[in-house]
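Worksheet: one structure, shown below.
The values are calculated or read from the model by the stated rules, or taken from the named source; none is laboratory data. Remember, predicted model here, so these are calculated numbers, not experimental data. Here the Cβ positions follow ideal geometry from the backbone for every residue, glycine too, while neighbour counts run over all protein chains shown.
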Amino acid sequence: METQRRHLGIPPEPLLARRLLEARRADFGARFYLRANARRYVLLLAVGLLAVALLIYMRINLAVVFVLGLLLGGFLRDLGWFRVIRLTAPFTEKVTNWALVKELALDADK
């Protein structure tokens with residue numbers, strides 16, 4: 001099972017448990033998720049702006065609008081995702097076995 005998880009790019013359970021505990025400490029706020037994924041957002045923005053600059057240089061205006069729309073759409077999608085996480089946080093808090101999560105997180109230290 002662990003080999004299959006690794007093959008699919010799913011992080012190991014101890015790491016997931018640590019991240020869940022960190023998110024809980026941060027009250028499942030958007031700042032936590034933005035900080036945790038900052039490198040990915042910077043990379044996405046850099047590649048997107050590079051594409052926009054190239055398309056402007058090539059004078060392909062419709063494609064510029066399309067790429068900017070993709071970047072804005074991705075950002076708005078993530079804002080919606082942060083909002084839903086925040087709204088469902090009380091339910092997550094209620095149904096999660098935090099003792100098990102802490103135990104799994106401690107397995108990473110072994």
**OP:** Examine segment 71-86 for a residue that is surrounded by fewer than 11 Cβ atoms within 10 Å (Cβ to Cβ), over 16 Å from the mean Cα position of the chain (by Cα) and at pLDDT 95 or above, and state whether such a residue exists.
**Re:** no
Original post:
If you scan segment 24-68, which residues turn out to be exposed (fewer than 10 other Cβ atoms within 10 Å of the Cβ) and of a type in the set (Ser, Thr, Tyr)?
Top reply: Tyr57
Original post:
How do the pairs read when you match residues in segment 14-32 that are closer than 22 Å to Asp107 by Cβ with residues anywhere that are not in a helix (DSSP H, G or I), using Cβ under 7 Å and keeping only pairs 6 or more apart or on different chains?
Top reply: Pro14/Ala108; Leu15/Ala108; Arg18/Ala108
